Amino acid sequence: MARRKRRPLVPESRGALDQLKNQVMKNKGYEIDQENPDDVKYEVANEVGVPLHKGYNGSLTSEEAGKVGGEIGGNMVKELVRMAQEQMRK
């Protein structure tokens with residue numbers, strides 16, 4: 001089975017989503033590579049003890065994958081909620 005890349009509903013938003021990921025993870029103290037914003041997942045994986053490496057990772061369990069994705073996505077969602085609340089206050 002071919003691997004599908006997740007695509008945003010609005011393809012033009014990819015750059016903004018990458019910027020948000022960079023900002024959020026940098027604020028959390030992670031080192032960010034501007035050219036490869038997805039590389040932060042390897043640092044997160046190492047920190048939470050998940051054996052994630054470049055290339056095929058089919059041997060990871062759902063729980064392990066969730067530890068990495070949840071750390072990144074969860075922080076992004078928290079920031080989006082914070083931004084929305086800030087806008088509502090104005």
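Since every read-out is calculated from the coordinates, none of them should be taken as a lab result. Please read all numbers here as calculations on a predicted model, not as lab measurements. A quick note on method: Cβ atoms are made from the backbone with ideal geometry, for glycine too, and the neighbour counts reach across all protein chains shown.
GNM on the chain, C-alpha springs below 10 Å: top fluctuator among A16, A65, A45?
For the chain, modelled as a Gaussian network with Cα springs under 10 Å, the answer is A16.
Give the lysines reachable from K26 as a straight Cα distance under 17 Å; neighbours fewer than 8 places away on the same chain don't count.
In chain and number order, the partners are K41, K78.
So which trypsin sites (Lys or Arg not before Pro) in segment 1-75 are both in a DSSP loop and have at most 14 other Cβ atoms within 10 Å of their Cβ?
Sparse-neighbourhood loop trypsin sites (Lys or Arg not before Pro): R3, R4, K5, R6, K28, K54.
Towards the positive end of the charge dipole of the chain, with charges on Cβ (+1 Lys, Arg; -1 Asp, Glu), say which of N75, H53, P37 has the farthest Cα.
Projecting each Cα onto the dipole axis, the largest value belongs to N75.
Considering only the other residues whose Cβ falls under 12 Å of the Cβ of L52, what net charge follows from Lys and Arg at +1 and Asp and Glu at -1?
Here the charged neighbours net out to -3.
Tell me, what HN-Hα J-couplings in whole Hz come from the Karplus equation 6.51 cos²θ - 1.76 cosθ + 1.60 at θ = phi - 60° for each residue of segment 32-48, using x for Gly and Pro?
Result, ordered by residue: 10, 9, 4, 6, 10, x, 6, 5, 4, 5, 6, 5, 4, 4, 4, 5, 9 Hz.
Using only alpha carbon pairs under 8 Å that are at least six residues apart, calculate the relative contact order of the chain and give it in whole percent.
Relative contact order for the chain comes out at 23 percent.
So what's the convex hull volume per residue for the Cα atoms of segment 34-90, in Å³?
Roughly 97 Å³ of hull volume per residue.
Among L17, G66, Q85, pick out the residue whose Cα is farthest towards the positive end of the charge dipole of the chain, where Lys and Arg carry +1 and Asp and Glu carry -1 on C-beta, about the Cα centre.
Positive-end residue among those listed: Q85.
Which of the GluC sites (Glu not before Pro) found in the chain are loop residues per DSSP with 13 or fewer other Cβ atoms within 10 Å of their Cβ?
E31, E35
For a quick check of your reading of the filter: which chymotrypsin sites (Phe, Trp or Tyr not before Pro) in the chain sit in a DSSP loop and have no more than 14 other Cβ atoms within 10 Å?
Sparse-neighbourhood loop chymotrypsin sites (Phe, Trp or Tyr not before Pro): Y56.
Please turn the phi angles of segment 7-14 into ³J(HN,Hα) values with the Karplus equation 6.51 cos²θ - 1.76 cosθ + 1.60 (θ = phi - 60°), one per residue in order, whole Hz, x for glycine and proline.
Along segment 7-14, the couplings run 10, x, 4, 10, x, 5, 7, 3 Hz.
How large is the charge dipole for the chain, taken about the Cα centre, if only the Cβ atoms of Lys, Arg (+1) and Asp, Glu (-1) carry charge, to the nearest 20 debye?
That gives a dipole near 440 debye.
Could you line up M25, M83 from fewest to most neighbouring Cβ atoms inside 10 Å?
In increasing order of surrounding Cβ atoms, one gets M83, M25.
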